[in-house]
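The values are calculated or read from the model by the stated rules, or taken from the named source; none is laboratory data. Everything quoted here is computed from the prediction, not taken from an experiment. Virtual Cβ from ideal backbone geometry, glycine too; neighbours counted across all protein chains shown. Quick note on the areas: whole protein, heavy atoms, side chains included, nothing else; ligands and nucleic acids left out. Shrake-Rupley method; radii C 1.70, N 1.55, O 1.52, S 1.80 Å.
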Amino acid sequence: MAFGDLLEHVGSTGRFQVLHVTLLSIPVMMMASHNLLQNFVAAVPPHFCSPQVNLSHFMLSPEDSLQITVPQDKRGKPQRCQRYVTPQWHLLAQNGTNRSEEQGDVELQGCKDGWSYNMTDMTSTIISDWNLVCNMRSLKQMGQTVYMGGVLVGALVFGALSDRYGRRILLIISNLLMAVSGTCVAFSNSFSLYCLFRFGCGMALSGLGLNTFSLIVEWIPTRVRTVVGTLTGYCYTIGQMLLAVIAYFIPDWRWLTLAVSLPFYVFFLISWWFHESSRWLVLSNQSEQAIKNLKSVARFNGRREEGEKINLNMLEESMKKEMSCSQGSYTVLDLFRTRRLRNVTICLSAVWLSTSFAYYGLAMDLQKFGVNIYLIQVIFGAVDIPAKVLITVSMSFIGRRPSQSGALIIAGITILANVLVPYEKQTIRTCLAVMGKGCLAASFSCCFLFSGELYPTIIRQNGMGWVSMMARVGAMVAPMVLLTGDYIPWLPGLIYGGAPIISGIAAIFLPETLGTPLPDTIQDVEEGKTQTVDE
């Protein structure tokens, strides 16, 4: 009897599994909200220099006050980071015509008295609260990079700790860390504290993701893992759209942060109910507790009699193969020891890094499309639904390798095409961006399945940990690339579009895994048990 048979014995798709997966999947929606929260809490409102003198007693309209104190750029818009040294009263007679060519000899200065913000859509953001504009505008991207740094560190810390102390306790800690860190973010009184607690949120996100996935797959049978994995992925998609709705009704960034953080206190309480993985308990020499958990599941599923029959000998017999595989000691270095495995690791690293890099490059800069930020967030979330369906069909009939390569190359082409579209053509730019984001979401879906099938069982966790780390490196770098647009406007688009195309070409050199058995050892990979299509 294998462990899968033992799980069937106590009920593998019964009431316990339905409730277990449901309660684990709900927080995934709020994880999406935290991941993309900066789109709203760090939205840049229209702003310009505050006037150097009080003009209120002159009974001027806001438009007239702006006209005599702030110069215009080449497009006839008020400049954001400069003002006239003295009010230009004579400009009132020009009736608001474009003055950008007539102000060359007028003395200008920076915003010495601060900025005025047009808070039409939101009542406050971290940008308006801490004046993260002009010379300080790079701090906006720095905030997202710090958050992604927390995600990276969290993956390294919580990944190691969950293998040592268990999935359940680390999930409980992660829920509490997310709730407390998110609450502290909302009450931060400086940008430094904001970054510190956002780093904590990033760490918690990794802990939640890793341990949620482990607890789900280790309590369900193999035959339903694909379906359950897809449904869990759609929870993240729904979370992206839910964020736009919450942000629309809560325009203050502090209350918005609280709104997406407070539910984790509830998730923290619920997570005490979860059962630790019996697979992990046996491999950690806690077989007695594993038996108690299995009997509890059997009772919950209405199979009390079958559960009472489980004993220590039956459990150890069912886990014999897993226990023998866990005897060896493997590290990340084993991913590079042999030729075929080294080729797989290098190509997958490029695929994961560029997918995450381009994905967050698009998803974290919604204001550049000139469309309502709430609408574009909903559209960007909704496009994941057909994208994941199409990539699933493609992987099943065409194969993993062409699906992975095609999704990346098409994404790169659409992003590059956007560079050539004039800024005024907002509809075309938005359509291309949505198509590119959908392809990158499809690439993510393919990444997870393809990588799991390419790495052998004995080092699969090391392999998945490595490529996930590369994805987080890409997510950290993505916000900083946006800063190059201040000097060369088309450069970010070129980089975001070029990276997926290069990695899409690299994916062509990966072995095809459609219809092939999973490799168990490094030798299986080297002997080519996972053959390429043309072989």
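Over all other residues within a Cβ to Cβ distance under 9 Å of Glu218, the charged ones net out to +2, with Lys and Arg as +1 and Asp and Glu as -1.
At full extension, Glu107 and Asp252 could sit 48.5 nm farther apart than now, given 0.36 nm per residue minus the alpha carbon distance. Accessible area per residue for the range 330-527 is 41 Å², calculated with a 1.4 Å probe on protein heavy atoms, without ligands, DNA or RNA.
Seen against the Cα atoms of the chain and their longest principal axis, helix 191-217 is set at about 30 degrees. Ignoring any ligand, DNA or RNA, what whole percent of the accessible area of the chain comes from carbon and sulfur when the probe is 1.4 angstrom? Result for the chain: 64 percent of the exposed heavy-atom area is carbon or sulfur. Between helix 339-363 and the chain there is an angle of about 40 degrees, using the helix long axis and the longest principal axis of the Cα atoms. For Val419, neighbours were defined as the other residues whose beta-carbon sits under 13 Å from its Cβ, and their charges (Lys and Arg +1, Asp and Glu -1) total +3. Values (1) 3, 16, 25, 24, 15, 8, 5, 3, 1, 0; (2) 4, 18, 28, 26, 15, 6, 2, 0; (3) 3, 16, 22, 20, 15, 11, 8, 4, 1, 0, 0 are given for comparison; P(r) over Cα pairs in 10 Å bins from 0, in percent, derived from the coordinates here, is the one labelled (1). Taking the C-alpha atoms only, the angle from helix 167-186 to the longest principal axis of the chain is near 10 degrees. Remark: the Cα gyration tensor places the range 349-445 in the prolate category, a/c being 1.5 or greater and a/b exceeding b/c.
Centre-to-centre, using Cα atoms only, the range 475-507 and the range 141-183 are separated by 27 Å.
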